[in-house]
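Just so you know, all these numbers are worked out from the coordinates, no wet-lab data involved. Keep in mind the model is a prediction, meaning the values are calculated, not measured. Glycine gets a Cβ as well: all are built from the backbone with ideal geometry, and neighbour counts include every protein chain shown.
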Amino acid sequence: MLYSEKVMDHFQHPRNVGIIENADGVGEVGNAKCGDIMKMYLKIDNGVITDCKFNTFGCGSAIATSSMATEMIIGRKVEDALKLSNKAVVEALDGLPAHKIHCSVLAEEAVKAAVKDYYDRNGIEYDASQFPDCENCENCDI
């Protein structure tokens with residue numbers, strides 16, 4: 001089987017789909033190579049992510065990784081959400097085919113983009129190296 005049961009479940013029944021009006025942070029990332037676009041919305045209270053929603057235009061793997069990423073960061077401190085790695089998302093989904101790993105990279109980058117937006121909106125200082133410029137990044141094959 002190409003996709004795990006967890007991937008299929010998150011694709012067919014994605015969690016946390018939608019828009020958060022007046023979100024505290026919004027991040028949008030995309031990959032022109034595959035056409036996937038992810039937009040993530042964060043609601044943050046006292047440094048804790050209390051809600052996270054997403055809209056993803058893309059393949060089943062992109063939807064599944066977005067869904068899983070939201071589940072993995074809700075209830076966590078913002079700093080902890082920044083530590084979410086694409087590898088952790090893939091592991092939580094019981095794996096992805098090699099040619100779909102870029103979807104998990106996009107999910108990680110969407111979280112980071114939303115957190116960066118939150119920091120920027122609130123004048124919170126941060127280490128810019130935590131937010132790589134994916135357009136010029138050499139950390140992955142997308």
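Key figures for this structure:
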{"read-out": "Contour minus Cα-Cα distance for Leu2 and Phe131 (0.36 nm per residue)", "value": "43.3 nm"}
{"read-out": "Virtual spin-label span in nm between Glu71 and Cys59, 7 Å along Cα→Cβ", "value": "2.1 nm"}
{"read-out": "Listed residues Asn122, Asn46, Asn55, most fluctuating in the chain (Gaussian network, C-alpha, under 10 Å)", "value": "Asn46"}
{"read-out": "The chain - mean residue ellipticity at 222 nm from DSSP helices (-39,500 (n - 2.57) per run, n ≥ 4, rounded to 500)", "value": "-11500 deg cm²/dmol"}
{"read-out": "Residue-span extension gain [Glu28 to Arg121] - 0.36 nm each, minus C-alpha spacing", "value": "32.0 nm"}
{"read-out": "GNM flexibility winner over the chain from Ala92, Ala64, Ala81 (Cα, springs under 10 Å)", "value": "Ala92"}
{"read-out": "Surrounding net charge for Lys43, when Lys and Arg each add one and Asp and Glu each subtract one, Cβ distance under 11 Å", "value": "-3"}
{"read-out": "Ranked list, fewest to most other Cβ atoms within 10 Å of each Cβ, for Leu106, Leu42, Leu2", "value": "Leu2, Leu42, Leu106"}
